[in-house]
Amino acid sequence: MDEKDTNPADEWPLPPPWMWSCAECVNLYKTMKRAPEAVEAVREALGPGLDHDFTDSVVTTQIRLAQHLALRHAPALPAFDEECERCVSYATDPRIPAVLGMEHRARHVFVPECIVGLM
């Protein structure tokens, strides 16, 4: 695989500078980035046939970071992206709590485009 085989939508974005100035952001981001490695280490140690991430740490670490950003850094979050189906849903459906839309907007800051629309 070389550069021409990579899809920019699969790349993890570099978090903005304001995230690096918040100790909690840094800790949550590091935990999130390490979660897949920890799950892989357990899989290698225990072998197939088990749920190696029974606490869903790969997903929950992303959720915790998104929640922190939504609650502590809301003014720094990007606006809803009109090209993102999930953003449009959060922005237009009054039944969806506003905080969920803010958490989704936060995910645009730190997860690849290919998975940001999953939550």
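The values are calculated or read from the model by the stated rules, or taken from the named source; none is laboratory data. Just so you know, these numbers come straight off a predicted model, no measurement behind them. Here the Cβ positions follow ideal geometry from the backbone for every residue, glycine too, while neighbour counts run over all protein chains shown. Heads up: the accessible areas ignore ligands, DNA and RNA and are worked out on the full protein's heavy atoms, side chains in. Shrake-Rupley method; radii C 1.70, N 1.55, O 1.52, S 1.80 Å.
Computed values, structure above
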| quantity | calculated |
| --- | --- |
| Within region 9-81, GluC sites (Glu not before Pro) in DSSP loop having at most 16 other beta-carbon neighbours inside 10 Å | GLU11 |
| Area accessible to solvent at LEU14, 1.4 Å probe radius, in Å² | 150 Å² |
| Equivalent ellipsoid semi-axes - Cα gyration tensor, the chain, angstrom | 26, 17, 16 |
| Solvent-accessible surface (1.4 angstrom probe) belonging to MET102, in square angstrom, nearest 10 | 50 Å² |
| Helix axis angle, 23-46 relative to the chain longest principal axis, alpha carbon, degrees | 30 degrees |
| The chain, accessible area per residue, ligands and nucleic acids excluded (1.4 Å, Å²) | 66 Å² |
| Charge context of ALA91, other residues only, Cβ under 15 angstrom, K/R +1, D/E -1 | -2 |
| Accessible surface of the chain [probe 1.4 Å, protein heavy atoms]: carbon and sulfur percent | 56 percent |
| Expected 222 nm ellipticity per residue - DSSP helices of 4 or more, -39500 (n - 2.57), all of the chain, to 500 | -18000 deg cm²/dmol |
| Cα centre as origin, Lys/Arg/Asp/Glu Cβ charges: the chain dipole, Debye | 620 debye |
| CYS22, CYS114, CYS87, ranked by accessible area, largest first (probe 1.4 Å) | CYS114, CYS22, CYS87 |
